[in-house]
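Undergrad: Take this structure first; my questions come after.
The values are calculated or read from the model by the stated rules, or taken from the named source; none is laboratory data. Here the structure is a predicted model, which is why all the values come from computation and not from measurement. Reconstructed Cβ throughout: ideal geometry from the backbone, glycine too, with neighbour counts over all protein chains shown.
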Amino acid sequence: MTNAWTQGVGEQGEQELVRPLSTRWLRGIFIDLLARPPFQREREQWAGKTVPELIDALLLQTEFWEEWLQAQLYYFLLVDNFRPESESILRLPGELREGKSDIPEALLRIALCASFDRRNPGADTFVTVVMEQFLGIEVQKNTRQLEIGKHVYDGGRGNFLGVMGSSQADVVRIAIDDERTMIRFVEREYERLMSAPMPGRAARSFADELRQDERSFAQILREWLLSENYSQSFETRTELPNRVFARSLFVDLFDRLPNTEEVRRLRSALDGLGDPGPLRSALVRIMLDSGKVELPTREEIEHPRRWIEESFLRYLGRQPTAEESAVFREAFRDPACRPETVVYALLTHPEYASR
């Protein structure tokens, strides 16, 4: 699909995309699609490859769909004690990857799972959340539909959103089938990946495309990620969600992902703060002082300037400026400055906490 807001990336943009991946793009695409930076082996694997090659490969991975599902659960606040554990939800990533399920079916299962019901108990809360989060309807301006939905939820027969229903499950199915749900879905997914609202009326066009082929979501994502709009998103920095920040620390420092309990503890602690910055810095210090981070000793670093440049590329996705290089090299001349000191400075830099 093409429209006014994305006609490809333009001649100059196309040349950029077919050039070897920059470290910034490699790190950014991994964070956007897998909610983590690349592992060491992946940095080596993708050196010299292109943006389209990387996007095509990641969209085929089950891990992408696992992270997509996590983003949906987070959107609906189905985390911690409300995290779904049913087989119906757990098998969704594999089914989506294999084309055995689609976006409407995935949203339907989420809204019908026991965790969603526990998270939104009672007719008023449940129907309000369905109307607002699925359809993007302001309940205050649609109180009549809310009352009908509550009646249907309680087992009464009613015309909810123009369709007859008589159960809680009918409330969900009617909402998922409503065209506004796919429009809202497209809008929020675009904003989640592009860190900007979808321009113009493009959401309806993409929603129509998704309804015509409910398994076309990966192709739509590919179009977005190869668009000029996505290229422009790399010109500004967007703060990482706490969960992604926690996962990034584990990958960058330990070259592994945190387990479910580790990421839950860190995310919960960070989410509970108005300003998570100080705690993020404290977490970096604790991890660096754990003795489990594999860094070279001062004696093993034969060329400090080169090592500092490599560290900037690894953690910030860019080369240091001339001024930064000079400051870091001067600091490293002090025998008291350890490699951990340099890494701490980079991981507590505002750029690290952003994409």
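Undergrad: Determine whether Ala282 is in contact with a Lys or Arg (Cβ under 9 Å, 6 or more places away or on another chain), hydrophobic (A, V, I, L, M, F, W, C) and closer than 27 Å to Leu34 by Cα.
TA: So Ala282 does not fit the description; no.
Undergrad: Hey, can you tell me all the residues within region 89-101 that are closer than 17 Å to Ala111 by Cβ and loosely packed, with under 13 Cβ neighbours inside 10 Å?
TA: Leu90
Undergrad: Met198 - would you say it is modelled with pLDDT of 95 or more, outside any helix (DSSP H, G or I) and either among the hydrophobic types (A, V, I, L, M, F, W, C) or surrounded by 20 or more Cβ atoms within 10 Å (Cβ to Cβ) (or both)?
TA: no
Undergrad: Of the residues Arg306, Arg318, Arg265, Arg333, which single one is out of contact with any helix residue (DSSP H, G or I) (no Cβ under 7 Å at 6 or more places or on another chain), within 23 Å of Ile31 (Cα to Cα) and of a type in the set (Lys, Arg)?
TA: Exactly one of Arg306, Arg318, Arg265, Arg333 is out of contact with any helix residue (DSSP H, G or I) (no Cβ under 7 Å at 6 or more places or on another chain), within 23 Å of Ile31 (Cα to Cα) and of a type in the set (Lys, Arg), namely Arg265.
Undergrad: Hey, could you check region 122-161 for residues that are of a type in the set (Ser, Thr, Tyr) and free of Cβ contacts under 8 Å to residues at least 24 places away in the same chain and say which is nearest to Leu107 (Cα to Cα)?
TA: By that ranking, first place goes to Thr128.
Undergrad: Can you name every residue in region 315-355 that is under 26 Å from the mean Cα position of the chain (by Cα), part of a helix (DSSP H, G or I) and touching a residue at least 24 places away in the same chain (Cβ under 8 Å)?
TA: Listed by number, the residues that qualify are Tyr315, Leu316, Val343, Tyr344, Leu346, Leu347.
Undergrad: Of all helices (runs of 4 or more DSSP H) completely enclosed by region 239-314, which ones contain at least 2 residues that are small (Gly, Ala, Ser) and out of contact with any Pro (no Cβ under 6 Å at 6 or more places or on another chain)?
TA: It comes to 260-271, 277-288.
Undergrad: Then there's this: Among the residues of region 209-219, are any modelled with pLDDT of 95 or more, assigned to a helix (DSSP H, G or I), among the acidic types (Asp, Glu) and within 27 Å of Pro93 (Cα to Cα)?
TA: no
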